[in-house]
Every structure is written in structure tokens, then in C-alpha cells.
1. Each residue of the stretch A:39-53 in turn: what ³J(HN,Hα) in whole Hz from Karplus with 6.51, -1.76, 1.60 and θ = phi - 60°, glycine and Pro shown as x?
2. Per 10 Å bin, what percent of the C-alpha pairs of the stretch A:106-257 does each bin hold, from zero upward?
3. Arranged from highest to lowest average of other beta-carbon atoms within 10 Å per residue, in what order do the peptides A:199-212, A:45-58 appear?
4. Quick one: length gained pulling A:Thr123 to A:Ile251 fully straight, 0.36 nm per residue minus the C-alpha distance?
5. From the phi angles alone, apply the Karplus equation (6.51, -1.76, 1.60; θ = phi - 60°) to the stretch A:138-155 and give each ³J(HN,Hα) in whole Hz, x where the residue is Gly or Pro.
6. Given a 1.4 Å probe, how much area per residue of the stretch A:2-255 is accessible, in Å²?
7. Cβ neighbours within 10 Å, averaged per peptide: list B:251-261, A:121-131 in order, most packed at the top.
8. Given axes a ≥ b ≥ c from the Cα gyration tensor, I'd like to know whether the stretch A:1-147 is rounded (a/c under 1.5), prolate (a/b larger than b/c) or oblate.
Amino acid sequence: MAENKVPVLETKKLGINFGGLKAVSDFNIQIYEGELRGLIGPNGAGKTTVFNMLTGVYEPTEGTVLLNGVPLNGKKTHQFVAAGIARTFQNIRLFGQMSVIENVKVAFTKDVKYNLLDASLRTRKFWKAEREMTDKAMELLSIFGLEDAAELPASSLPYGRQRKLEIARALATDMKVLLLDEPAAGMNPTETAELLDCINTIRNRFGIAILLIEHDMSLVMNVCERIKVIDYGVTIADGLPEEIASNPRVIAAYLGE
Amino acid sequence: MKNNKTARSYLVNTLVIAAAFILFQVLTGLFGSEGDFKLVLVPSLWQCCYLILLAASLNLVLGFLGQLSLGHCGFMAIGAYTAALISLACERAGVFTDKAGLVYILIIFGCIIAAGLLAAVTGLLVGIPALRLKGDYLAIITLGFGMIIVNVINNLPFCGQDGLSQGSAAASLYKTGLGFGSKAKVTYLWIALVVTILCLTLMFMFVRSKYGRAIRAIKDDEIAASASGINVSSYKVLTFTYSAFFAGVAGALYACANSSLSTSSFAFTNAGILNSTFVVVMVVLGGMGSLTGSIVAAVIMFFVNYQIANGSWVAALPPFLNGVFKYPMLVYAVVLVIVIIFRPRGIFGTYEFSLTRLPEDVKKARARRAAAKAERKEAVSHG
Ligand SMILES: Nc1ncnc2c1ncn2[C@@H]1O[C@H](COP(=O)(O)OP(=O)(O)O)[C@@H](O)[C@H]1O
Ligand SMILES: [Mg+2]
């Protein structure tokens, strides 16, 4: 990739301690526009913790997160989202009582221009914004084949579709970097294949950078350009899929020494 | 297509409300000066109006945002005292001399708006620190703030025990100021109705906009909401403030409907209807997340309260049962327990009653019931 460009997402010496436990240390990554990166590692390696630091859920005890070169130290989660980092969760977190389309619309909220007065008086601006939101939400849902379920409660969707809805919701925040935390967890092979299709579609369509956490190595091997491997919070390898697959340290980590 | 539907439902609602309002005005004109209408029905309607506003506004915080606040009556107290004091000041300054005419009506509306605004400002000031807490902690701190507000009012020289609450000022609230007598209550009932309808409309518009979506999302999952770009704390404070505004308006209506104010009526220990737990019972009964549910529940709880206080059957009960009704809070607690056991999500749940969707909803409910019945039959035949 264009190495002279500023990376969309960059971390410098990112690390965090929980009490005495060093969950992640010296985590450095640079992701460029349009790139699909993999982050793998055994259970408990610290992958989700990295995501939590990249989205302001946890405040890192050391290091910085930079988006397009701008540091995001001390910002809150919604400010990370406003800056352009969106994520999904390992254990799906949808707004279960709300309808599928509302789940997506919630993510538009930060960009909606109308104010309380517009909403109270139902001005033209209000209707226009709401109509645009509905259209955009339906468009997103159709990418994931969810348009027929738009009015159903999100919690009534089967597992695989809930995963997709969560990605659709993340996309609705109009982000530059998308963080996917084990999106294929608990899916059968057909669902996984479908999901990978979706990921490729959105990548081509939106030209965003994606960082994908996966527990299952074989899956990332097929889709990611570069892969980073962490174990016990420490980076043990970073490179092309074939390099990773033959790296003895990675093999050792996965086989459990 | 969908837009047409919305427009149609707005039109239908407006027409029905307008028709009901006109019908009511005609009835008032016909029976206004007569016994029960004047002495029972109209005061009851005043009470229902402010109870509805209280329940619906707390529902924004409790039902839609999902935060337990126990200090709602504090905001109502602020509204009541603001309205009463402003009206008194106007009267003493000679802005109006008799309780009639356009100027007087304008002052009433001015008082109501001022009451809402001051309550909202207090809501903002309380909400900013309090809403950092969650769950039981938030409940306790709002309970505390509610008590503090009432105590502060009580100790202000011009509205506490030496001021509005007792002594000459209380009497003058009735004779002058706001404080309607039973005749004025009939004459100005339309104000209570119009204000209630307007406020409910505003709350509906709030709930059915990006604000409503955002706060329901926060209720469902705060972390997911902030990961979707929602500024959780500012939406919480906004909702709390907005809700306090309507509690203040409810307080102003209360000030109109009562000849004197006493801070003890807003205190947490008050056994009557104006304490924050009673408001919580109304919201839970109606359904957390249903404004129409709050309206229905407010009317029901008004009846329960009215029967406890005035029902002749209560006196006819055997003494050991009768005694229970001396402690209305006990009855409300029983009501709450019954609701939780038999209908944990309240009467309406999150369902909103809608005139235009009624046929559709009835059909759906029938289908659901039939399906449930069929399922039970199936289970029986298999078992
Ligand atoms: N909030 C927390 N408090 C204490 N320890 C935590 C916290 N979050 C994560 N950890 C610890 O950090 C380590 C990494 O966890 P995690 O990032 O969830 O792993 P994974 O790679 O499976 O996603 C684990 O040992 C976990 O127990
Ligand atoms: Mg994880």
C-alpha cells in the first residue's frame, strides 16, 4: 500500500493494566484506507481489550490511538465514533426491543440536523431528515438482505442475521474504520461464507478500513491482507497470511506450547 | 404512502381531540354551575390533568430512558410555587384586579410556562451530577434531591411556613393570585385540558423522533448506544430536564386547582397522591414506555385514590379491612405488587394506543390470542 500516506488508524505503544495484570502491552498497528486487517490470538489474548481501547470503552494506561494522525486520548466512546471508528461486539449488543430499522436509525442520530423545536413542531426539516434516514437505513439493510425484517424486533432475528444487523448499524455511523469482533463466532459454514461476502461487499463499496478479530485462524487467512497475532497481550507476529501460517511462535501459541 | 398514513393519523387525532374538547365545552356550558359537575367532576378532571402530566413526564425518564428517579414531585413543587408566587406578585403589582379577562388568562399561561422553565432549569442542575449514577444509586440521590428541593422551598421566607404555606398569604392565593375556587375551576377547566393536551403532544413528538430512539437505545444497552455514536450522558440530562419541565407544568396546574400550597403535600412522606412513589406506581401500572398507558394509569390511580378517600363502601367494610384504607400507601403497594405479578410490563407494556391503528391492532391481538390458544390445545393433546 501507499506507505507515505497517513494511516487511517494508528496506535503507538498502546497498553493497559487491570490491577496488576498487563492485559495488552506495546500494541502498534497502522491501517490504511481500504485495507482489511486481521487480529488473531488464542482466547484471552487481549483482542477484545484492544478493541475496547480503540473505541474509548477502556482508557489505555499507556500509548495513543490516532485517527488520520489525530490523537484521541481521553475521548469518550461517542467521540471515537464521531471521529470515525465503529465496532461490533463479540457478544452481540443490539437494541433488542427496538425494530431492526430503528437499530440502524439510532446510529444516524449523531448526524441528524434537526433539533427539539423541529421535532416538536414537525417541521419540513424534520420530515426530510426522517425520510432520508429511512431511505438510507433501508439501503443498508438491503446490503445484508435484512430489508424484509425491517419492522421486526431486533431480538426476534436469528443469530446470523443479528450479527449482520450489528454490522449494518456500525456502518450507519459513517465511519472510516470498522472493527469487527469475531463476527463469525457461532455461525455455521454457510453463514460464515455469506458473512465474508458481505464484508467484501462493504469494503469495495465504502472503501473503508476494516480490522477483523477472529478466533478461528483459517477464516482470516482467506480474507485478510495482513495479520497481526497477539498472545498474552504481546504481539508475537505481524505479516502476510502465509508468513503467519508458517510462523513457529504462532503455531506454538495456538497449539498451547 | 407511509407519509400519507402519518398525515391521516395526525388529522384524525386532531379532529377527535377537537371534537371531544368542543363537546366538553358545551357540557360545561350546560351543567357548569350545577352541583356534582361543579363540585366533583371538574375538580377531579383538574386532578387527573396534573396526574397525567406527572405520570407521562416521569415515563420519559423511567420508561423510555430506563432510569429510576424518585424525586419527580420536587420538580412539581418548584412549578407549583413558581406559578403561585408569580401570580401573587402580578396581583399585588396591580397587573390584574379581578380574576377574569384576557390579561388574567395571559398571566395564567405565563405562570405555567415559567413554572415549567424553572423546574427544567432545576432538573438540569440536578441531572448533571445525579445522572452520573445508575440504578439504585440514582434512585437514592434523586430521592434526596426531591427532599432537598422541598426543604429549600419550605425555608424560603416568602414561600415556606411563614409565607405561602400558612398564614395570610395562603388565603390570598385563593382570593387573589392563581388558586381557583370551584367556579373558576369550571370556567378555566379548558386551560387545564389545553395545557395537558399540548404537553402530551410535545412528549409524543419527543418520543417519536431521534430523541426517543436515542433514549430507548440507551435503555436497552448503554455501551451499544455510545458505540453507535450516542452521547449517552447528554441525552440523559436532556431527557431529565425535559421531563422536569412537564412536572413543573403539572405543578402549576396543581397551584391553580388548590387554594393554598403546602410543601408537605410534595414531600416524600406524604401519604396522598403527590409523592414520587405514587407517580412511579402510575408509570409502572400504565407500562414503562407507553405514554397512553400513563394516561390510563393516572386516571385509574386517581379513581383508586378517590375511592379510598371518599368511597362510601370503605366505611362499610369490617374494621380490620377498613383499617388498611387508612394507609393509602399500603393500598398502592398492593396495587403495585398485583401489577408486577399479573402484568409485569404494565397494562400497556410499550404499546401505544392509536385511533387510526385500532382496527389493525385489535385484529393482531385476536390472532395472537388464537395462536396462543391453539398452542395450548396442542400442548394438552400431546401431553
Ligand atoms: N475489565 C477488565 N478487568 C479485568 N481484566 C480484564 C478486563 N477486560 C479484560 N480483562 C482481561 O484481559 C485479558 C484479555 O481479555 P480479552 O481481550 O477479552 O481476550 P480475547 O482475546 O479473547 O478477546 C483476559 O485475561 C481478561 O480476563
Ligand atoms: Mg474477545
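1. Result, ordered by residue: 10, 10, x, x, 4, x, 6, x, 5, 5, 4, 4, 4, 5, 6 Hz.
2. Reading upward from the zero bin: 9, 32, 29, 17, 9, 3, 1.
3. Highest mean packing first, the order is A:45-58, A:199-212.
4. 40.0 nm
5. Those phi angles translate into 5, 4, 4, 4, 5, 4, 9, x, 10, 5, 6, 9, 3, 8, 7, x, 4, 5 Hz.
6. On the way: 10890 Å² over 254 residues.
Result: 43 Å² per residue.
7. By packing density, highest mean first, the sequence is B:251-261, A:121-131.
8. The shape class here is prolate.
The values are calculated or read from the model by the stated rules, or taken from the named source; none is laboratory data. Every value quoted in this text rests on a predicted model; they were computed, and no experiment measured them. Cβ sites come from the backbone with ideal geometry, for glycine too, and all protein chains shown count toward neighbours. Heads up: the accessible areas ignore ligands, DNA and RNA and are worked out on the full protein's heavy atoms, side chains in. Shrake-Rupley method; radii C 1.70, N 1.55, O 1.52, S 1.80 Å.
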